[in-house]
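Below is one structure, written out as C-alpha cells, with a few remarks after it.
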Amino acid sequence: AQKITQTQPGMFVQEKEAVTLDCTYDTSDPSYGLFWYKQPSSGEMIFLIYQGSYDQQNATEGRYSLNFQKARKSANLVISASQLGDSAMYFCAMRELNTNAGKSTFGDGTTLTVKP
Amino acid sequence: EPEVTQTPSHQVTQMGQEVILRCVPISNHLYFYWYRQILGQKVEFLVSFYNNEISEKSEIFDDQFSVERPDGSNFTLKIRSTKLEDSAMYFCASSVGDSFNNSPLHFGNGTRLTVT
C-alpha cells in the first residue's frame with residue numbers, strides 16, 4: 001500500500017494567493033514524523049517544515065504551515081502569499097520511528113506553478 | 001550554513017562500468033543516506049548508514065551497490081556494474097539523528113548519473 005499519497009500532480013495558484021498541497025499517509029506506527037520538501041527546477045531538495053505525530057499544534061515556518069489532521073491521516077501544506085519563486089515540485093515524506101527508523105518515504109510530488 | 005556536498009554533479013558512464021559517487025555530509029550529523037530520483041519521478045530510498053554500518057536498505061540496493069565511509073568525512077556510493085536503468089539523480093543526505101523530532105534530511109545537490 002502507498003504510504004504517502006499526493007493526489008495533485010500539478011497545481012496552479014495566482015501570485016499572492018494561498019495554496020494547499022494535499023498529502024495523506026498510511027502507517028500503523030504511532031510514532032512518526034511528516035516532512036515537506038521543495039525541489040526547484042534546479043534540482044536540489046530543500047526542507048520546508050516538519051510535524052511530529054505527537055505534536056498538539058500545527059507546525060508553521062514563515063509562509064508555510066502544515067494542516068495536520070491526525071484522524072484523517074492528512075498533512076497538507078499551506079503556502080500563504082504565494083511568490084513566483086514558490087514554483088517548484090513539492091514532496092511530502094514520512095519517517096516511522098519504530099519500524100523504519102531513519103528511512104523516509106516520499107510521495108510522488110506535486111508540481112506547483114505560481115502565475116503572475 | 002553547513003551543507004552536504006556531492007561530487008561530481010554529473011557523471012556519464014558506459015554500461016557495465018563501475019562508478020563511485022561521493023558525498024561529504026554535514027560534520028556533526030550521525031546518519032547518512034542515499035536516495036535516487038529517476039527523472040521527474042519520486043524520490044526512492046536506497047540505504048541508510050549509521051555508526052559505520054548499514055542500518056537499512058531497500059530492495060533497490062542489491063549486490064551491485066555498496067556504501068562506505070572511508071574516512072571521517074566522505075560517504076561514498078559505489079555501483080559495481082552499471083545498467084541503463086541506473087540512470088538517475090542520486091542524492092546524498094544526512095541528519096543529526098534518527099529521531100524524527102526536528103531531524104529532517106539535509107540533501108546535497110545530487111549527482112546526475114547517465115549510463116549509456
What does the charge dipole of chain A about its Cα centre add up to, to the nearest 20 debye, if the Cβ of each Lys and Arg holds +1 and the Cβ of each Asp and Glu holds -1? 100
Options A:48, A:75, A:60, ranked by Cα towards positive dipole end of region A:23-105, top entry (Cβ charges): A:75
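Assuming R0 = 25 Å, what is the FRET efficiency of residue B:3 and residue B:78, from their Cβ-Cβ distance, to the nearest 0.05? Mind dumping the intermediate values first?
Working: r = 23 Å, r/R0 = 0.92.
Here the calculated transfer efficiency is 0.60.
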Å² of accessible area per residue within chain B, as computed with a 1.4 Å probe and no ligands counted: 50
Partner chain Cβ atoms within 10 Å, averaged over the residues of A:103-115 - can you pull that number for me? 3
Please compute the average number of Cβ atoms from other chains found within 10 Å of each residue's Cβ in peptide A:84-97. 2
First measure r as the distance between the Cβ atoms of residue B:66 and residue A:16, then evaluate 1/(1 + (r/R0)^6) with R0 = 35 Å and state the FRET efficiency to the nearest 0.05. 0.10
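Give me a single rounded figure for A:41-52: the average over its residues of other chain Cβ atoms within 10 Å of their Cβ.
Values: counts 0, 2, 8, 7, 13, 3, 6, 1, 1, 5, 1, 4.
The mean count of partner-chain Cβ atoms within 10 Å per residue comes to 4.
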Per the 1.4 Å probe, what fraction of the accessible area of chain B, in percent, lies on carbon and sulfur atoms? 45
Take every Cα-Cα distance within the protein assembly as shown, group them into 10 Å bins from 0 onward, and report for each bin the whole-number percent of pairs it holds. 8, 33, 35, 19, 5, 0
Mind checking region A:50-111 for chymotrypsin sites (Phe, Trp or Tyr not before Pro) that DSSP puts in a loop (not H, G, I, E or B) and that have at most 13 other Cβ atoms within 10 Å? A:54
Quick one: dipole size for chain B, taken about the Cα centre, charges +1 on Lys/Arg Cβ and -1 on Asp/Glu Cβ, in debye to the nearest 20. 260
Where in chain A lies the longest segment free of trypsin sites (Lys or Arg not before Pro) that are both loop residues by DSSP (not H, G, I, E, B) and have at most 16 other Cβ atoms within 10 Å? A:17-62
Once Lys and Arg get +1 and Asp and Glu get -1 on their Cβ, which of B:48, B:19, B:66 lies farthest toward the positive end of the dipole of chain B? B:19
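List the equivalent ellipsoid semi-axes of chain A in whole Å, largest first, each obtained as the square root of 5λ for an eigenvalue λ of the Cα gyration tensor. Spell out each step's value before the answer.
Values: eigenvalues 116, 42, 29 Å².
Over the Cα atoms of chain A, the ellipsoid semi-axes are 24, 15, 12 Å.
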Give the carbon-plus-sulfur fraction of the accessible surface of region A:10-116 in %, rounded to a whole number; probe 1.4 Å, heavy atoms of protein chains only. 48
Magnitude of the Cβ-charge dipole of the protein assembly as shown, K/R +1 and D/E -1, about the Cα centre, nearest 20 debye? 320
Say the dipole of the protein assembly as shown comes from +1 at the beta carbon of Lys and Arg and -1 at that of Asp and Glu; which of B:82, B:31, A:110 then lies farthest toward its positive end? A:110
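The values are calculated or read from the model by the stated rules, or taken from the named source; none is laboratory data. Note that the coordinates shown come from a computational prediction; the quantities given were computed from them, not determined experimentally. All Cβ positions, glycine included, derive from the backbone under ideal geometry; neighbour counts span all protein chains shown. Note: accessible area is taken over every heavy atom of the protein model, side chains too, but ligands, DNA and RNA are not part of it. Shrake-Rupley method; radii C 1.70, N 1.55, O 1.52, S 1.80 Å.
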